[in-house]
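Trainee: So that we are looking at the same thing, I have put the structure below in structure tokens.
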Amino acid sequence: MVFSKLANETVIYILEYTDLATLMTLSHTSRYFKPLVLVVVRERYDFMIKRYFNSPEDVRRLMKTTQSVFSGSFVLEFIHFTWNWVGRDLDIYATLEGSEAWDEYLLLNGYKESNKKSGAAYRCWQILDVRTYTKQTSGGPRSIDVVVSIDDASILPITSFWTTTVQNFLTADDVVIAYPTSTLYGVGTLLPDHPVTVALDPLIHKYAERDIHTVIWKPEFDTVWSRSLQRRSFLDEETMWFSLTTGTITEGRSCVGDRLYWTSVTWLDYGIQISCSD
């Protein structure tokens, strides 16, 4: 192998310009590449967290204790890090109890709560409320949304997003991609219960400008018996879970803390069915 003859620093430099899909493949198939890939993905994660906080270690520790996750454009940027676009804010998904810990941590780090909206404002029953925190930094203004789940599962609101493109999240140590085949290559499916409207048009165009394209799933493509999406549109049979600490890839389940949150996701009668267990 040519790479094995190079210094680790040189290989890491090359991997820094490599997309996540390729990095995961290298980590999964090569003992040589796995530790080097882990260095790269952890450095990316730390780099992104440092836009908002001084200590990535403290942030990940808080994520673990509160079973919180990051989602939205922050995670999409992590997935498409080599595409040279930057997310505009950070979305933290937490339970009500976890949101109180984040409130304290954000205030201690110089953020101020600037807005608070109920879940009704987002037309999403899975959201209790959304709290926006802002801060001026030398690198410009920073904005963080703490999305409070109505349930004791912090990821519950993520399952209702309008497109599969943003149904992903980062835990303290893992990246979880609900529709890996399509998401990794920049394609998302509009959810069946989200028809194309004027309100969605700016969102579709925003992602198109980032080379992420949205397609519409036609229910007649489903079987008469199930009427379920089942990710068949892009051969996504399983949710993908990539560990940023071990480099392992697990398909078909997602877990935060000790609770299994996402074992099975299908679209039934244009609604989501989630199989959860403790």
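Quick note: the coordinates plus some simple rules give every number you see, no bench work behind them. The model shown is predicted, which means the values in this text are computed figures rather than measured ones. Note: ideal-geometry Cβ built from the backbone for every residue, glycine included; neighbour counts use all protein chains shown.
Trainee: Excluding residues on the same chain fewer than 8 positions from Lys135, give the lysines whose Cα lies under 17 Å from its Cα.
Mentor: Within the straight-line limit of under 17 Å, Lys135 reaches these lysines: Lys50, Lys112, Lys116.
Trainee: From zero up to wherever the largest Cα-Cα distance of the range 149-189 sits, split into 5 Å bins and tell me the percent of pairs in each.
Mentor: With 5 Å bins starting at 0, P(r) equals 5, 24, 26, 24, 14, 5, 1.
Trainee: On to the next question. Report the extension gain between Lys112 and Ser138 in nm, rounded to one decimal, defined as 0.36 nm multiplied by the number of residues separating them, less their alpha carbon distance.
Mentor: On the way: separation 26, 0.36 × 26 = 9.36 nm, distance 1.64 nm.
Here the segment from Lys112 to Ser138 would lengthen by 7.7 nm.
Trainee: What is the local net charge at Asp19, summed over the other residues whose Cβ is closer than 13 Å to its Cβ (Lys, Arg +1; Asp, Glu -1)?
Mentor: Residues near Asp19 contribute -2 overall.
Trainee: I need the shape label for the range 13-167. Rule: rounded when a/c is under 1.5, else prolate if a/b > b/c, else oblate, with a, b, c from the alpha carbon gyration tensor.
Mentor: It is prolate, given that a/c is not under 1.5 and a/b is the larger ratio.
Trainee: Given R₀ = 30 Å, FRET efficiency for Thr246-Tyr185 by Cβ-Cβ distance, to 0.05?
Mentor: 0.75
Trainee: For Ser149, what residues show an amide H to amide H distance below 5 Å, using hydrogens built from the backbone and excluding near sequence neighbours?
Mentor: Long-range HN contacts for Ser149: Ala94, Thr95, Leu96, Leu128.
Trainee: Which ³J(HN,Hα) values in Hz, rounded to whole numbers, follow from the phi angles of the range 168-184 under the Karplus curve 6.51 cos²θ - 1.76 cosθ + 1.60, where θ = phi - 60° and Gly and Pro get x?
Mentor: Calculated HN-Hα couplings, in order: 9, 7, 10, 8, 5, 10, 9, 10, 10, 10, 5, 10, x, 4, 6, 4, 5 Hz.
Trainee: Right, another one. Would you list which lysines come within 18 Å of Lys5, measuring only between C-alpha atoms, while excluding same-chain residues fewer than 8 positions from it?
Mentor: Those lysines meeting the cut-off are Lys34.
Trainee: I would also like to ask the following. In the range 1-88, what GluC sites (Glu not before Pro) fall in a loop by DSSP, with at most 15 other Cβ atoms inside 10 Å?
Mentor: Qualifying residues, ordered by number: Glu16.
Trainee: Now, a different point. Restricting attention to the range 34-74, which trypsin sites (Lys or Arg not before Pro) occupy a DSSP loop and are surrounded by at most 15 other Cβ atoms within 10 Å?
Mentor: Lys50, Arg51
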